[in-house]
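Input: a single structure, listed below in structure tokens.
The values are calculated or read from the model by the stated rules, or taken from the named source; none is laboratory data. Being a predicted model, the structure only gives us computed values, none of them experimental. FYI the Cβ positions are ideal-geometry reconstructions off the backbone, even for glycines, and counts take in every protein chain you see. The protein model used for the area step is the full one, side chains on, heavy atoms only, and it has no ligands, DNA or RNA in it. Shrake-Rupley method; radii C 1.70, N 1.55, O 1.52, S 1.80 Å.
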Amino acid sequence: GVTRLLLTRIPFFKEIIVSSFSCDSCSWSNTEIQSAGRIQEQGVRYTLAVTSRQDMNREVVKTDCAMARIPELDFEIPAFTQKGVLTTIEGIIDRAVAGLEQDQPVRRATDEEVAKKIDEFIVKLRQLKEMNSPFTFIIDDPSGNSFVENPHAPRRDDALVVTHYRRTPQQAAMLGLEGEEVDAKPPDAAEDLRDEVLQFNTNCPECNAPANTNMKLVQIPHFKEVIIMATNCDSCGHRTNEVKSGGAIEPQGTRITLRITDPSDMTRDILKSETCSVEIPELEFELGMGALGGKFTTLEGLLKDIRDLVERNPFTLGDSSTPSRTGKLQEFIGKLQEVNGKMKAHFIMDDPAGNSYLQNVYAPEEDPELRVERYERTFEQNEDLGLNDMKTEGYEPEGASGR
């Protein structure tokens, strides 16, 4: 026979290898799948409430180490009893029925009572396809490489619950990974927060509809920890993200100067805090503190945000615009696009709080094009940051010491 291999990508999931075998002599064919990626950091469990015929047609990736279960029938397909497959929920039921029917003739001859019970169970499985009553379909994969289609993607599917979990030592050993010591110390709570995406309810800033905000603690190499927050609204599609420093205000302010000499400089990572101002002397441009909020992006992404901010200026559109002002802004936008590696310029970030960062591509060595200066804040800068009225020592009342 002939085996064909296809590397393909499932939208909103990952790459897989589809292996298809066919025999011209007996017309037998078989299809299997393997994950093209590595074992994921966490296991995954998909719980789907099947309520309609459309749900039966959802695509399913079931790896060979995944367990499938239907609680209503107390039915379970254990791990490593089937090869990985790319199919539908109906296809998994059909495959289970075919597996149960395979040895039925032998069972009827040797143990008729067991064969009769299996026949009754096969009838129940087939009735699931008729959708006379809803049922729950669960896939539990310790490797994290199984998948159940969300037809509403990228929006949330109310019928589908996806749960990521930490593998047990037994599951890790089953996957051939190095097992964890049973008496190992429990992980620190702070370490758990670094690996976990926290979610809390909020309202969309555009349409005020209920939305979810995801928050993640991220360690930036050779810098410090920051908190990245992202909000997605399912009602109007608005998406926004913001970055806040995970540490305290530094004792000194920071002034970072980058001399842009090559298009590769556009890919440098940038953390711009909400207290940071931006300056490009060659364009006579200055972006004040608080504009654009906190951003964790690249230099190219920050310049694009600046360009969008200028283009959305109400004085450049409609009746409020004047030809002279519009011409000057269009000329500035053209020069800003030339900074994208074509024109040498200086990019300056001034953050009195010291919580901004621009990537040093030569780290830990010094970057010849990057200069970082520390300076003492002025009284006005401390006033803007609220530090002049902040008392961190000796703030207790006099009577508190005797209590």
Quick one: which of 86, 100 is in the same structural domain as residue 157 (by the TED database) and either open to solvent by less than 30 Å² (accessible area, probe 1.4 Å) or closer than 26 Å to residue 38 by Cα (or both)?
86
Could you give me the residue pairs with C-beta distances under 6 Å whose first residue belongs to the stretch 354-371 and is on the phi > 0 side of the Ramachandran plot and in contact (Cβ under 8 Å) with a residue 40 or more places away in the chain, whose second residue is assigned to a loop (DSSP other than H, G, I, E, B) and acidic (Asp, Glu) wherever it lies, and which are 6+ apart or on separate chains?
354/250
Taking the stretch 286-312, which residues are more than 27 Å from the chain's Cα centre (by Cα) and in a helix (DSSP H, G or I)?
310, 311
Check whether at least one residue in the stretch 164-175 is among the basic types (Lys, Arg), part of a loop (DSSP other than H, G, I, E, B) and modelled with pLDDT of 85 or more, and report yes or no.
yes
Tell me which residues, restricted to the stretch 227-262, are under 16 Å from the mean Cα position of the chain (by Cα) and assigned to a strand (DSSP E or B).
227, 228, 229, 230, 231, 232, 239, 240, 241, 242, 243
Being at pLDDT below 90 and open to solvent by 60 Å² or more (accessible area, probe 1.4 Å) is the requirement here; does residue 208 meet it?
yes
